[in-house]
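Since the structure comes first, as C-alpha coordinates, the remarks are kept for the end.
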Amino acid sequence: MKNFTDRVAAITGAGSGMGRSLAIRLAREGCHLALADRNAASLADTAQLAQAAAPQIVGAPLLITTRVLDVADRAAMVDWAAETAAQHRRVNLVFNNAGVALSSTIEGMDYTDLEWIVGVNFWGVVHGTKAFLPYIKASGAGHIVNTSSVFGLFAQPGMSGYNATKFAVRGFTESLRQELDLMKCGVSATCVHPGGIHTGIAQSSRIAPNMVGFMLENEQQGKDDFEKFFITTADEAARVILDGVRKNKRRVLIGRDARAADWLARTLPAAYQALVVMQARRMKRLAEKRARRAAQIDGRRV
Ligand SMILES: NC(=O)c1ccc[n+]([C@@H]2O[C@H](COP(=O)([O-])OP(=O)(O)OC[C@H]3O[C@@H](n4cnc5c(N)ncnc54)[C@H](O)[C@@H]3O)[C@@H](O)[C@H]2O)c1
(Lines give C-alpha, C1' and ligand atoms only; values in the text may rest on other atoms or scores of the structure.)
Protein backbone atom coordinates (compact mmCIF):
# COMPACT_ATOMS: atom_id res chain seq x y z
CA MET A 1 0.00 0.00 0.00
CA LYS A 2 1.86 3.07 -1.25
CA ASN A 3 -0.59 5.73 -0.14
CA PHE A 4 -3.53 6.02 2.22
CA THR A 5 -5.72 8.50 0.34
CA ASP A 6 -9.37 7.41 0.25
CA ARG A 7 -8.56 4.20 2.14
CA VAL A 8 -10.39 3.16 5.31
CA ALA A 9 -8.36 2.43 8.46
CA ALA A 10 -9.56 1.06 11.80
CA ILE A 11 -7.41 1.93 14.84
CA THR A 12 -7.74 0.57 18.37
CA GLY A 13 -6.42 2.56 21.31
CA ALA A 14 -7.02 5.70 19.24
CA GLY A 15 -7.67 7.89 22.29
CA SER A 16 -4.02 8.50 23.16
CA GLY A 17 -0.35 8.09 22.24
CA MET A 18 0.54 6.28 19.05
CA GLY A 19 -3.11 5.47 18.21
CA ARG A 20 -3.98 9.18 18.23
CA SER A 21 -0.87 10.10 16.20
CA LEU A 22 -1.68 7.41 13.62
CA ALA A 23 -5.22 8.80 13.31
CA ILE A 24 -3.96 12.36 12.75
CA ARG A 25 -1.30 11.35 10.22
CA LEU A 26 -3.72 9.12 8.28
CA ALA A 27 -6.40 11.86 8.26
CA ARG A 28 -3.82 14.30 6.89
CA GLU A 29 -3.32 11.89 3.98
CA GLY A 30 -7.08 11.71 3.32
CA CYS A 31 -7.70 8.30 4.89
CA HIS A 32 -11.17 7.63 6.35
CA LEU A 33 -11.08 6.42 9.93
CA ALA A 34 -12.89 4.08 12.30
CA LEU A 35 -11.51 4.83 15.75
CA ALA A 36 -11.97 2.78 18.92
CA ASP A 37 -10.92 3.17 22.53
CA ARG A 38 -12.29 2.31 25.95
CA ASN A 39 -12.06 6.00 26.94
CA ALA A 40 -14.95 7.94 25.37
CA ALA A 41 -13.67 11.46 26.10
CA SER A 42 -10.15 11.00 24.72
CA LEU A 43 -11.57 9.13 21.72
CA ALA A 44 -13.84 12.08 20.90
CA ASP A 45 -10.83 14.43 21.20
CA THR A 46 -8.84 12.31 18.72
CA ALA A 47 -11.75 12.30 16.25
CA GLN A 48 -11.85 16.10 16.45
CA LEU A 49 -8.08 16.46 16.01
CA ALA A 50 -8.12 14.06 13.04
CA GLN A 51 -11.02 15.90 11.39
CA ALA A 52 -9.12 19.19 11.82
CA ALA A 53 -6.02 17.64 10.21
CA ALA A 54 -7.95 16.32 7.19
CA PRO A 55 -7.41 18.02 3.83
CA GLN A 56 -10.30 20.30 2.87
CA ILE A 57 -11.66 18.67 -0.28
CA VAL A 58 -14.95 20.23 -1.33
CA GLY A 59 -17.71 17.64 -1.70
CA ALA A 60 -15.76 14.75 -0.19
CA PRO A 61 -15.45 15.15 3.58
CA LEU A 62 -13.45 12.58 5.47
CA LEU A 63 -15.64 10.02 7.26
CA ILE A 64 -14.50 9.48 10.85
CA THR A 65 -16.51 7.11 13.02
CA THR A 66 -15.89 6.23 16.67
CA ARG A 67 -16.75 3.32 18.92
CA VAL A 68 -16.18 2.98 22.65
CA LEU A 69 -15.19 -0.60 23.38
CA ASP A 70 -12.87 -2.93 25.23
CA VAL A 71 -10.64 -4.78 22.75
CA ALA A 72 -10.65 -7.80 25.08
CA ASP A 73 -14.38 -8.20 24.38
CA ARG A 74 -14.56 -10.47 21.32
CA ALA A 75 -18.26 -9.89 20.58
CA ALA A 76 -17.79 -6.10 20.70
CA MET A 77 -14.84 -6.28 18.30
CA VAL A 78 -16.73 -8.51 15.85
CA ASP A 79 -19.67 -6.11 15.99
CA TRP A 80 -17.41 -3.04 15.50
CA ALA A 81 -15.75 -4.61 12.42
CA ALA A 82 -19.19 -5.30 10.85
CA GLU A 83 -20.37 -1.78 11.78
CA THR A 84 -17.21 -0.23 10.26
CA ALA A 85 -17.63 -2.19 7.01
CA ALA A 86 -21.29 -1.10 6.83
CA GLN A 87 -20.60 2.58 7.62
CA HIS A 88 -17.52 2.96 5.41
CA ARG A 89 -18.50 0.33 2.79
CA ARG A 90 -14.96 -1.16 2.93
CA VAL A 91 -12.00 -1.58 5.29
CA ASN A 92 -8.37 -1.54 4.08
CA LEU A 93 -6.33 -1.38 7.26
CA VAL A 94 -6.53 -2.30 10.91
CA PHE A 95 -4.03 -1.07 13.49
CA ASN A 96 -4.30 -3.32 16.54
CA ASN A 97 -2.58 -0.77 18.73
CA ALA A 98 -4.43 -0.68 22.10
CA GLY A 99 -2.24 -1.87 24.93
CA VAL A 100 -1.56 -1.65 28.66
CA ALA A 101 1.46 -2.25 30.88
CA LEU A 102 1.90 -4.22 34.08
CA SER A 103 4.86 -4.42 36.41
CA SER A 104 4.88 -7.35 38.83
CA THR A 105 7.01 -10.26 39.98
CA ILE A 106 5.74 -13.66 38.84
CA GLU A 107 5.78 -14.96 42.40
CA GLY A 108 3.53 -12.17 43.65
CA MET A 109 1.42 -11.73 40.53
CA ASP A 110 -2.31 -11.53 40.91
CA TYR A 111 -4.11 -13.69 38.30
CA THR A 112 -6.60 -10.83 37.76
CA ASP A 113 -3.74 -8.55 36.61
CA LEU A 114 -2.32 -11.25 34.33
CA GLU A 115 -5.72 -11.96 32.78
CA TRP A 116 -6.26 -8.21 32.28
CA ILE A 117 -3.02 -7.68 30.34
CA VAL A 118 -3.41 -10.88 28.29
CA GLY A 119 -6.99 -9.82 27.48
CA VAL A 120 -5.99 -6.39 26.18
CA ASN A 121 -2.52 -6.92 24.68
CA PHE A 122 -2.91 -10.42 23.22
CA TRP A 123 -6.62 -11.18 22.80
CA GLY A 124 -7.25 -7.60 21.66
CA VAL A 125 -4.82 -8.16 18.76
CA VAL A 126 -6.31 -11.57 17.95
CA HIS A 127 -9.87 -10.21 18.00
CA GLY A 128 -8.94 -7.21 15.83
CA THR A 129 -7.11 -9.41 13.32
CA LYS A 130 -9.81 -12.05 13.02
CA ALA A 131 -12.75 -9.65 13.07
CA PHE A 132 -11.35 -7.37 10.34
CA LEU A 133 -9.54 -9.90 8.11
CA PRO A 134 -12.62 -10.94 6.06
CA TYR A 135 -13.47 -7.29 5.29
CA ILE A 136 -9.86 -6.36 4.49
CA LYS A 137 -9.57 -9.36 2.16
CA ALA A 138 -12.83 -8.33 0.47
CA SER A 139 -11.37 -4.85 -0.17
CA GLY A 140 -8.68 -6.45 -2.36
CA ALA A 141 -5.85 -4.31 -0.93
CA GLY A 142 -5.11 -4.10 2.73
CA HIS A 143 -2.76 -4.32 5.66
CA ILE A 144 -2.91 -5.53 9.26
CA VAL A 145 -0.57 -3.75 11.67
CA ASN A 146 -0.11 -5.34 15.09
CA THR A 147 1.77 -3.56 17.85
CA SER A 148 4.19 -5.65 19.87
CA SER A 149 7.08 -3.91 21.67
CA VAL A 150 10.79 -3.94 22.23
CA PHE A 151 9.66 -6.28 25.04
CA GLY A 152 8.55 -8.69 22.31
CA LEU A 153 12.26 -9.00 21.44
CA PHE A 154 13.85 -9.35 24.87
CA ALA A 155 12.64 -10.02 28.42
CA GLN A 156 13.12 -8.09 31.63
CA PRO A 157 12.45 -8.91 35.31
CA GLY A 158 9.14 -7.57 36.59
CA MET A 159 7.70 -7.46 33.07
CA SER A 160 6.66 -11.11 32.56
CA GLY A 161 3.00 -10.35 31.81
CA TYR A 162 3.88 -7.63 29.30
CA ASN A 163 6.72 -9.74 27.85
CA ALA A 164 4.43 -12.77 27.43
CA THR A 165 1.78 -10.76 25.55
CA LYS A 166 4.26 -8.92 23.33
CA PHE A 167 6.24 -12.08 22.42
CA ALA A 168 2.83 -13.66 21.63
CA VAL A 169 1.82 -10.76 19.37
CA ARG A 170 5.13 -11.14 17.52
CA GLY A 171 4.67 -14.91 16.96
CA PHE A 172 1.02 -14.46 15.98
CA THR A 173 1.78 -11.65 13.52
CA GLU A 174 4.83 -13.30 11.92
CA SER A 175 2.73 -16.43 11.32
CA LEU A 176 -0.14 -14.28 9.99
CA ARG A 177 2.21 -12.55 7.54
CA GLN A 178 3.47 -15.89 6.24
CA GLU A 179 -0.10 -17.19 5.76
CA LEU A 180 -1.07 -14.00 3.89
CA ASP A 181 2.05 -14.32 1.69
CA LEU A 182 0.96 -17.87 0.80
CA MET A 183 -2.63 -16.77 0.09
CA LYS A 184 -1.57 -13.91 -2.24
CA CYS A 185 -4.86 -12.21 -1.38
CA GLY A 186 -3.70 -8.57 -1.51
CA VAL A 187 -3.46 -8.35 2.27
CA SER A 188 -0.21 -8.11 4.21
CA ALA A 189 0.83 -7.78 7.86
CA THR A 190 3.47 -5.95 9.86
CA CYS A 191 4.61 -6.41 13.44
CA VAL A 192 5.63 -3.16 15.18
CA HIS A 193 8.26 -3.07 17.95
CA PRO A 194 8.42 0.41 19.49
CA GLY A 195 11.19 1.32 21.93
CA GLY A 196 10.38 3.99 24.52
CA ILE A 197 7.75 6.37 23.11
CA HIS A 198 6.39 9.49 24.88
CA THR A 199 2.77 8.43 25.52
CA GLY A 200 0.40 7.93 28.45
CA ILE A 201 1.25 4.24 28.92
CA ALA A 202 3.57 4.63 31.93
CA GLN A 203 1.14 6.72 33.97
CA SER A 204 -1.78 4.39 33.21
CA SER A 205 0.23 1.21 33.90
CA ARG A 206 -0.47 -1.09 36.83
CA ILE A 207 2.42 -1.49 39.26
CA ALA A 208 1.91 -4.34 41.71
CA PRO A 209 2.83 -3.69 45.37
CA ASN A 210 5.34 -6.59 45.18
CA MET A 211 7.59 -4.43 42.93
CA VAL A 212 8.14 -1.90 45.72
CA GLY A 213 11.36 -2.89 47.44
CA PHE A 214 12.10 -5.45 44.70
CA MET A 215 13.11 -3.07 41.91
CA LEU A 216 11.20 0.11 42.73
CA GLU A 217 11.11 2.62 45.55
CA ASN A 218 7.40 3.30 45.20
CA GLU A 219 4.65 3.13 42.56
CA GLN A 220 4.95 6.70 41.28
CA GLN A 221 8.77 6.55 41.08
CA GLY A 222 8.35 3.32 39.05
CA LYS A 223 6.08 5.13 36.57
CA ASP A 224 8.37 8.17 36.41
CA ASP A 225 11.47 6.00 35.86
CA PHE A 226 9.62 4.09 33.11
CA GLU A 227 9.06 7.46 31.37
CA LYS A 228 12.79 8.27 31.46
CA PHE A 229 13.22 5.62 28.74
CA PHE A 230 10.80 7.42 26.39
CA ILE A 231 13.05 8.92 23.71
CA THR A 232 10.80 9.07 20.62
CA THR A 233 7.65 11.16 20.10
CA ALA A 234 4.33 9.46 19.30
CA ASP A 235 4.14 11.46 16.06
CA GLU A 236 7.56 10.20 14.94
CA ALA A 237 6.52 6.64 15.89
CA ALA A 238 3.37 6.98 13.73
CA ARG A 239 5.51 8.25 10.84
CA VAL A 240 7.82 5.21 11.11
CA ILE A 241 4.86 2.80 11.31
CA LEU A 242 3.16 4.24 8.20
CA ASP A 243 6.46 4.22 6.34
CA GLY A 244 6.82 0.53 7.27
CA VAL A 245 3.35 -0.19 5.86
CA ARG A 246 4.23 1.62 2.61
CA LYS A 247 7.38 -0.50 2.34
CA ASN A 248 5.44 -3.66 3.28
CA LYS A 249 7.94 -4.43 6.05
CA ARG A 250 7.51 -7.57 8.11
CA ARG A 251 9.03 -5.94 11.20
CA VAL A 252 9.15 -2.26 12.16
CA LEU A 253 11.57 -1.16 14.89
CA ILE A 254 10.96 2.31 16.33
CA GLY A 255 13.85 4.26 17.88
CA ARG A 256 17.55 3.63 18.35
CA ASP A 257 16.74 1.83 21.63
CA ALA A 258 14.60 -0.72 19.74
CA ARG A 259 17.32 -1.19 17.13
CA ALA A 260 19.95 -1.71 19.87
CA ALA A 261 17.71 -4.20 21.73
CA ASP A 262 17.06 -6.11 18.51
CA TRP A 263 20.82 -6.28 17.82
CA LEU A 264 21.55 -7.43 21.39
CA ALA A 265 18.88 -10.15 21.36
CA ARG A 266 20.16 -11.47 18.02
CA THR A 267 23.85 -11.25 18.97
CA LEU A 268 23.53 -12.71 22.48
CA PRO A 269 20.19 -14.57 22.30
CA ALA A 270 20.58 -16.17 25.77
CA ALA A 271 23.52 -14.30 27.34
CA TYR A 272 21.78 -10.90 27.02
CA GLN A 273 19.79 -11.92 30.11
CA ALA A 274 22.87 -11.65 32.34
CA LEU A 275 23.36 -8.05 31.14
CA VAL A 276 19.70 -7.26 31.89
CA VAL A 277 20.07 -8.70 35.40
CA MET A 278 23.17 -6.53 35.98
CA GLN A 279 21.20 -3.43 34.95
CA ALA A 280 18.21 -4.48 37.09
CA ARG A 281 20.53 -4.94 40.13
CA ARG A 282 21.74 -1.38 39.60
CA MET A 283 18.10 -0.16 39.51
CA LYS A 284 17.34 -2.14 42.67
CA ARG A 285 20.33 -0.63 44.54
CA LEU A 286 19.32 2.87 43.38
CA ALA A 287 15.71 2.33 44.54
CA GLU A 288 16.98 1.10 47.93
CA LYS A 289 19.29 4.14 48.27
CA ARG A 290 16.43 6.51 47.42
CA ALA A 291 14.12 4.74 49.89
CA ARG A 292 16.76 5.10 52.66
CA ARG A 293 17.21 8.81 51.83
CA ALA A 294 13.42 9.37 51.88
CA ALA A 295 13.20 7.58 55.26
CA GLN A 296 16.00 9.82 56.67
CA ILE A 297 14.20 12.98 55.47
CA ASP A 298 10.93 11.74 56.99
CA GLY A 299 12.81 10.94 60.23
CA ARG A 300 14.26 14.47 60.39
CA ARG A 301 10.78 15.97 59.80
CA VAL A 302 9.37 13.96 62.76
N1 LIG B 1 4.89 3.95 24.79
C2 LIG B 1 5.84 3.04 24.70
O3 LIG B 1 6.99 3.28 25.12
C4 LIG B 1 5.55 1.70 24.06
C5 LIG B 1 6.65 0.87 23.79
C6 LIG B 1 6.41 -0.36 23.19
C7 LIG B 1 5.12 -0.73 22.84
N8 LIG B 1 4.08 0.10 23.10
C9 LIG B 1 2.74 -0.35 22.71
O10 LIG B 1 2.16 0.63 21.87
C11 LIG B 1 0.73 0.53 21.93
C12 LIG B 1 0.14 1.91 22.11
O13 LIG B 1 0.45 2.37 23.40
P14 LIG B 1 0.80 3.89 23.76
O15 LIG B 1 2.20 3.90 24.22
O16 LIG B 1 0.37 4.79 22.68
O17 LIG B 1 -0.08 4.04 25.09
P18 LIG B 1 -1.25 5.03 25.54
O19 LIG B 1 -1.57 4.62 26.93
O20 LIG B 1 -0.89 6.45 25.29
O21 LIG B 1 -2.44 4.63 24.55
C22 LIG B 1 -3.11 3.40 24.67
C23 LIG B 1 -4.57 3.59 24.36
O24 LIG B 1 -5.20 2.30 24.44
C25 LIG B 1 -6.44 2.44 25.13
N26 LIG B 1 -6.81 1.18 25.73
C27 LIG B 1 -6.22 0.57 26.78
N28 LIG B 1 -6.88 -0.57 27.07
C29 LIG B 1 -7.87 -0.67 26.17
C30 LIG B 1 -8.91 -1.63 25.98
N31 LIG B 1 -9.03 -2.69 26.78
N32 LIG B 1 -9.78 -1.45 24.96
C33 LIG B 1 -9.67 -0.35 24.17
N34 LIG B 1 -8.74 0.59 24.32
C35 LIG B 1 -7.85 0.43 25.32
C36 LIG B 1 -6.17 3.52 26.17
O37 LIG B 1 -7.38 4.11 26.63
C38 LIG B 1 -5.28 4.49 25.40
O39 LIG B 1 -6.05 5.46 24.73
C40 LIG B 1 0.45 -0.45 23.06
O41 LIG B 1 0.15 -1.71 22.51
C42 LIG B 1 1.74 -0.50 23.83
O43 LIG B 1 1.92 -1.72 24.52
C44 LIG B 1 4.27 1.31 23.72
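Ranked by the mean number of other Cβ atoms within 10 Å per residue, highest first, peptides 243-249, 91-97, 256-262, 76-82 order as 91-97, 76-82, 256-262, 243-249. Computed from backbone phi, the HN-Hα couplings of the stretch 160-173 come to 4, x, 5, 4, 4, 5, 6, 5, 5, 4, 4, x, 4, 6 Hz, rounded to whole numbers (Karplus: 6.51 cos²θ - 1.76 cosθ + 1.60, θ = phi - 60°; Gly and Pro given as x). Around the amide H of residue 34, modelled in the peptide plane, lie the amide H atoms of 9, 10, 11, 65, all under 5 Å away and 5 or more residues distant in sequence or on another chain.
For residue 200, nonlocal amide neighbours, meaning residues 5 or more places apart or on other chains whose placed amide H falls under 5 Å from its own, are 17. A Gaussian network model of the chain, with springs between Cα atoms under 10 Å, assigns the largest mean-square fluctuation among 158, 119, 171 to 171. Entry comment: accessible area of the chain is 48 Å² per residue, from protein heavy atoms only and a probe of 1.4 Å. If you count Lys pairs in the chain whose Cα atoms are under 28 Å apart, skipping same-chain pairs closer than 8 places in sequence, the total is 26. A simple count of charges around residue 169, restricted to other residues whose Cβ falls under 13 Å of its Cβ and scoring Lys, Arg +1 and Asp, Glu -1, yields +3. For the chain, the fraction of 1.4 Å probe accessible surface lying on carbon and sulfur atoms is 56 percent. When the residues 236, 115, 217, 179 are ordered by accessible surface, computed with a 1.4 Å probe over the protein chains alone, the sequence from largest down reads 115, 179, 236, 217.
Pop out the Kirkwood hydrodynamic radius of the stretch 1-113 from its pairwise C-alpha distances, inverse of mean 1/r, in Å to one decimal.
14.8
Here the spin labels are modelled as points 7 Å beyond Cα on the Cα-Cβ line, and at residue 300 and residue 268 they lie 3.9 nm apart.
Using only the Cα atoms of the stretch 133-244, each taken as one equal point scatterer with no solvent, compute I(q) by the Debye sum, divide by I(0), and report log10 of the ratio at q = 0.11, 0.21, 0.23 Å⁻¹. The Debye formula, applied to the Cα set alone, gives -0.46, -1.16, -1.28. D by Stokes-Einstein for the chain, Kirkwood Rh over Cα pairs, 20 °C, 1.002 mPa s: 107 µm²/s. Our coupling estimate for the stretch 145-150, obtained by passing each phi through the Karplus curve with A = 6.51, B = -1.76, C = 1.60 and θ = phi - 60°, is 10, 10, 8, 9, 5, 4 Hz, Gly and Pro reported as x.
The values are calculated or read from the model by the stated rules, or taken from the named source; none is laboratory data. Keep in mind that this is a model prediction, so the values were computed, not measured. We place every Cβ from the backbone using ideal geometry, glycine too, and count neighbours over all the protein chains shown. Please note that ligands, DNA and RNA were not included when accessible areas were found on the heavy atoms of the full protein model with its side chains. Shrake-Rupley method; radii C 1.70, N 1.55, O 1.52, S 1.80 Å.
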